[in-house]
1. Got a sec? Which of Ala81, Ala99 is open to solvent by less than 80 Å² (accessible area, probe 1.4 Å), closer than 19 Å to Ile313 by Cα and modelled with pLDDT of 90 or more?
2. Kindly indicate the residue of the range 207-227 that is aliphatic (A, V, I, L, M) and part of a loop (DSSP other than H, G, I, E, B) and also farthest from the chain's Cα centre (by Cα) among those meeting that condition.
3. Filter the range 150-164 down to residues that are touching a Pro at 6+ places or on another chain (Cβ under 8 Å) and touching a residue at least 40 places away in the same chain (Cβ under 8 Å) and give me whichever is farthest from Ile182 (Cα to Cα).
4. Can you tell me which residue within the range 177-194, out of those that are over 14 Å from Thr278 (Cβ atoms) and of a type in the set (Gly, Ala, Ser), is nearest to the chain's Cα centre (by Cα)?
5. Can you find a residue that is free of Cβ contacts under 8 Å to residues at least 12 places away in the same chain and open to solvent by 70 Å² or more (accessible area, probe 1.4 Å) anywhere in the range 230-241?
6. Hey, Gly304 hits all of (1) over 18 Å from the mean Cα position of the chain (by Cα); (2) open to solvent by less than 50 Å² (accessible area, probe 1.4 Å); (3) more than 23 Å from Phe143 (Cα to Cα); (4) modelled with pLDDT of 90 or more but one; which does it fall short on?
7. Within the range 104-126, is there a residue that is in a helix (DSSP H, G or I) and within 15 Å of the chain's Cα centre (by Cα)?
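The values are calculated or read from the model by the stated rules, or taken from the named source; none is laboratory data. Just so it is clear, the model here is predicted, and its values are computed rather than measured. Here the Cβ is made from the backbone with ideal geometry for all residues, glycine too, and neighbour counts use every protein chain on show. Calculation scope for accessible area: heavy atoms of the full protein, side chains included, ligands and nucleic acids excluded. Shrake-Rupley method; radii C 1.70, N 1.55, O 1.52, S 1.80 Å.
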Amino acid sequence: MSLSGTLTATGETRPRASAKPVGDRVLHALTFASAVLVLIVLGGVFISLIQGSWLALSTFGPSFLSSETWNPASDPPVFGAAAPIYGTLLTSVIALLIAVPIGLGISIFLTELCPAWLARPIAIAIELLAGIPSIIYGIWGLFVLAPILQRSFQPAVIWLFHNKYWDVPGLDKLFAGPPYGIGVFTAALILAIMILPFISSVTRDVFETVPPVLKEAAFGLGCTTWEVIRRVVIPHTRAGVIGAVMLALGRALGETMAVTFVIGNAHKIAASILAPGTTISATIANEFTEATGDLYTSSLIALGLILFIVTFIVLAAARWMLHRMERQGR
């Protein structure tokens with residue numbers, strides 16, 4: 001086999017780079033096309049949402065984001081996205097406040113404390129929660145969870161923060177109103193149950209990546225199990241933990257059917273988390289099929305655009321946080 005090459009300035013012969021095999025070129029082209037296709041689809045969705053929502057955005061202007069009025073029956077109809085935006089963010093935040101500590105506790109128990117014969121059945125049972133359709137969660141929440149909350153939990157909480165023996169400023173408004181059963185808190189509780197498998201599964205996997213030698217060294221220095229978890233396991237896997245939380249947040253922001261069943265679908269902003277409310281996805285699901293007129297339809301599409309932007313901001317913030325942590329860890 002003869003070797004051919006190019007003559008360099010020093011008179012040396014540089015071997016000519018051989019051409020890539022056909023299979024490699026085909027693989028490169030297919031993977032590149034797949035990546036570009038994702039960007040094209042994402043851009044197409046964004047452009048379609050802007051076009052569809054332009055009528056509502058140009059008609060109401062910035063007041064569309066700040067107004068909670070949603071009255072398609074008025075003449076002319078008036079639409080505001082403040083109540084759905086508020087409900088979406090509030091239910092997601094409350095769901096995270098409930099699910100993150102429980103999910104981390106489950107992961108720590110399964111990886112550090114649980115016997116091996118019991119860890120796998122518990123892990124499988126938790127992961128099965130992710131396979132339950134959201135409409136099943138909604139039906140269960142409406143016919144089982146909401147009546148329980150209405151009869152026991154909500155009256156007790158309302159009484160607790162509205163008696164002369166327990167007067168905490170602000171909490172009386174946060175837990176005010178009649179016990180409807182359905183409402184923002186009920187929807188957040190359903191969301192917490194739904195995102196729990198994502199948090200616990202991902203954090204359990206990242207906890208298992210901690211090198212045993214690090215934990216053994218900490219135990220050898222006299223650290224307790226809690227100290228090993230707090231000073232070794234959590235710092236070593238914090239990027240994965242934040243990724244799991246952001247994944248769960250993205251899941252909670254876009255949930256539709258389960259929330260629609262139990263949130264009450266009221267277009268108003270209430271200080272109490274026990275009061276009915278609505279979310280962006282619930283509003284779109286409830287009203288899109290009965291939307292009459294271009295302005296009504298455009299307002300619902302504008303809600304979809306807002307949800308798209310909020311989700312993109314959350315994911316971008318997660319990537320930025322992970323990148324910053326990686327740079328600090330180097």
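1. Details: Ala99 fails: closer than 19 Å to Ile313 by Cα.
Within the list Ala81, Ala99, the selection yields Ala81.
2. As a first pass, look at the range 207-227 and keep what is aliphatic (A, V, I, L, M): 210, 213-214, 217-218, 221.
Pick out the ones that are also part of a loop (DSSP other than H, G, I, E, B) and you get 210, 221.
Numbers: Val210: 25, Leu221: 39 Å.
Result: Leu221.
3. So, considering only residues that are touching a Pro at 6+ places or on another chain (Cβ under 8 Å) and touching a residue at least 40 places away in the same chain (Cβ under 8 Å), the one farthest from Ile182 (Cα to Cα) is Ile158.
4. The qualifying residue nearest to the chain's Cα centre (by Cα) is Ala192.
5. yes
6. Among (1) over 18 Å from the mean Cα position of the chain (by Cα); (2) open to solvent by less than 50 Å² (accessible area, probe 1.4 Å); (3) more than 23 Å from Phe143 (Cα to Cα); (4) modelled with pLDDT of 90 or more, the lone unmet condition for Gly304 is (1).
7. We begin by selecting, within the range 104-126, every residue in a helix (DSSP H, G or I); these are 104-113, 116-126.
Within this subset, residues satisfying the condition of being within 15 Å of the chain's Cα centre (by Cα) are none.
No, the range 104-126 contains no residue that is in a helix (DSSP H, G or I) and within 15 Å of the chain's Cα centre (by Cα).
Residue by residue, here is whether (1) open to solvent by less than 10 Å² (accessible area, probe 1.4 Å); (2) in contact (Cβ under 8 Å) with a residue 24 or more places away in the chain holds:
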residue	(1), (2)
Thr260	no, yes
Leu274	yes, yes
Thr278	yes, yes
Ala282	yes, yes
Ile309	no, no
